[in-house]
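The values are calculated or read from the model by the stated rules, or taken from the named source; none is laboratory data. Bear in mind that the values here come from a model prediction, so they are computed numbers and not experimental data. Neighbour counts run over all protein chains shown; Cβ positions are idealised from the backbone, glycine included.
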Amino acid sequence: MRPSLRSLVLALCLCPALAAAHDYRAGSIAIDHPFARATLPGAAVGGAYMALRNDGTTADRLVAASTPAAERVEFHSMTMQGDVMRMTPIKAGIELPPGETVSVRPGGLHLMLVGLKAPLAQGTRVPMTLDFASGARVEVELAVEAPNAGAGSAGAEHEHGAHGEAGESR
């Protein structure tokens, strides 16, 4: 095998391993591709996104998130009400039903990074801690991607909902 072809084959074999390197687990919860969108200088807020898959047999809930990059992290849901897009805070966390994937994505359920301490620069990584009702805690890294990243992202069809304070499905 020629050296250039050998390098290509090796790179292709490593691709799945590299892709998996950005996935995390917290007990029965798989956290797939956590990312944030790059922000402009002076932006006070940013968004964080990921897919949360509950491989367990009991429900869990993402109850808190934190990052040194922002003063706080809030859970929000965006929905259309007529011709108006509304963003609603979710105080009770993000429900993770057993055997389902919840897509935390732009234009829907998302994590809002409030009080950014610096712009989120494309190509960097931002640490974030995720806390679950089960007691599981996991440190992830948000890959900061292009400002329009995640538009039409895979997994969007798997959004099964989140429950707010009153337990209504979003």
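Taking strands (runs of 3 or more DSSP E) that do not extend beyond the range 1-80, which have at least 1 residues that are modelled with pLDDT of 95 or more, on the phi < 0 side of the Ramachandran plot and among the β-branched types (Val, Ile, Thr)?
Correct list: 29-37, 45-54, 60-66.
I need the full set of residues from the range 51-69 which are buried (at least 21 other Cβ atoms within 10 Å of the Cβ), in contact with a Pro (Cβ under 9 Å, 6 or more places away or on another chain) and of a type outside the set (Gly, Ala, Ser), in order please.
Once the filter is applied, which keeps residues that are buried (at least 21 other Cβ atoms within 10 Å of the Cβ), in contact with a Pro (Cβ under 9 Å, 6 or more places away or on another chain) and of a type outside the set (Gly, Ala, Ser), the range 51-69 yields 54, 60, 67.
Just to be sure, is residue 95 outside any loop (DSSP other than H, G, I, E, B), of a type outside the set (A, V, I, L, M, F, W, C) and surrounded by fewer than 12 Cβ atoms within 10 Å (Cβ to Cβ)?
no
Which is aliphatic (A, V, I, L, M), surrounded by 16 or more Cβ atoms within 10 Å (Cβ to Cβ) and more than 21 Å from residue 150 (Cα to Cα), of 26, 48, 30?
Answer to the selection: 26.
Consider only pairs whose beta carbons are under 9 Å apart and that are at least six residues apart or on different chains; among these, list those whose first residue lies in the range 108-119 and is at positive phi and whose second residue is acidic (Asp, Glu) and part of a strand (DSSP E or B).
Note: pairs meeting the criteria are 115/71.
Among the residues in the range 138-153, are any on the phi > 0 side of the Ramachandran plot, within 11 Å of the chain's Cα centre (by Cα) and of a type in the set (Gly, Ala, Ser)?
Among the residues of the range 138-153, at least one is on the phi > 0 side of the Ramachandran plot, within 11 Å of the chain's Cα centre (by Cα) and of a type in the set (Gly, Ala, Ser), which makes the answer yes.
Does the range 98-124 hold any residues that are surrounded by fewer than 18 Cβ atoms within 10 Å (Cβ to Cβ) and either aromatic (Phe, Trp, Tyr) or farther than 29 Å from residue 41 by Cβ (or both), and which are they?
98, 99, 100
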